[in-house]
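The values are calculated or read from the model by the stated rules, or taken from the named source; none is laboratory data. Model, not experiment: these values are computed from the prediction. Neighbour counts are summed over all protein chains in view; Cβ atoms, including those assigned to glycine, are modelled from backbone coordinates with ideal geometry.
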Amino acid sequence: MMPPRNPRVYLVTDAVPASELPDRVAAALAGLPPAVAAVQLRAKDMGGKDMLALARALRDVARAAGQWLMVNDRLDVAVAAGADGVHLPSRGIPAADARRLLGPGAIIGASCHSVAEVRCARDGGADFATFGPVFDTPSKRAWGPPVGLDALREAARLGLPLVALGGVDPSNAASTVAAGAAGVAAIRAWLGAADAAGAVRRLLAATR
């Protein structure tokens, strides 16, 4: 049986100084069982050279912890850094094209906000998709209301492993798993926590 190629906990980076991020990621991943978490490097305003250097540093941190590194959008940086895979924005390169470029060994995630997008990601060969925003979250309010648990439940029936995203924290993560999510994604829930490792462990516990 092939091992799972989708994270149970997906830690998305945000506007944190690059010099601080490796140590913060290392602290968040401390003590986790192997192959349960992935870090998505999302640095939309960072130039390629600096992003590559940061990706290589995070790759080393993730591998030391037995976890994965995914690079948001930048296939070139993912390849050059030796990352485990790439995460495709909803308006980015289609999953099928990314698979042709990266080959079968790469882990491919996709951002999805509807059942139709999940179907497209599945049919294109993505390994998993984030789905949301499931709950209200400040960063997504400009794009409309959250999709909710019912939409997550419907999308999960398509069979592609889904990682619930948007307002997910240790208090509501279990409800997303009950609705069919294979994992949970977080930004504020780990970056804003005084005890990042504890917050990540609580998120992981909710996925069991």
* Six or more apart or on different chains, Cβ under 7 Å: which pairs go from a residue in the stretch 30-54 that's within 15 Å of ASN72 (Cα to Cα) to one that's assigned to a loop (DSSP other than H, G, I, E, B) and basic (Lys, Arg)? Could you list them? => MET51/ARG74
* To do: Give just the number: which of (1) modelled with pLDDT under 95; (2) of a type in the set (Val, Ile, Thr); (3) touching a strand residue (DSSP E or B) at 6+ places or on another chain (Cβ under 9 Å); (4) within 23 Å of ARG91 (Cα to Cα) does THR207 not satisfy?
  => (4)
* Structure fact -> When the stretch 74-118 is checked residue by residue, the ones that are hydroxyl-bearing (Ser, Thr, Tyr) and farther than 17 Å from LYS44 by Cα are SER114
* Residues satisfying the stated conditions in the stretch 96-127, i.e. within 19 Å of ALA151 (Cα to Cα), among the acidic types (Asp, Glu) and touching a Lys or Arg at 6+ places or on another chain (Cβ under 9 Å) -> none
* Asked: Going by the conditions given, is SER90 of a type outside the set (Val, Ile, Thr), under 14 Å from the mean Cα position of the chain (by Cα), farther than 23 Å from GLY192 by Cβ and surrounded by fewer than 16 Cβ atoms within 10 Å (Cβ to Cβ)?
  -> yes
* Asked: For the stretch 37-54, which residues satisfy the criterion of being more than 28 Å from ALA206 (Cβ to Cβ) and either out of contact with any strand residue (DSSP E or B) (no Cβ under 7 Å at 6 or more places or on another chain) or surrounded by 23 or more Cβ atoms within 10 Å (Cβ to Cβ) (or both)?
  -> LYS44, ASP45, MET46, GLY47, GLY48, LYS49, ASP50, MET51, LEU52, ALA53
* To do: Give the residues of the stretch 30-61 that are closer than 19 Å to LEU165 by Cβ and touching a Leu at 6+ places or on another chain (Cβ under 9 Å), sorted by residue number.
  => VAL36, ALA37, ALA38, VAL39, GLN40, LEU41, ALA43
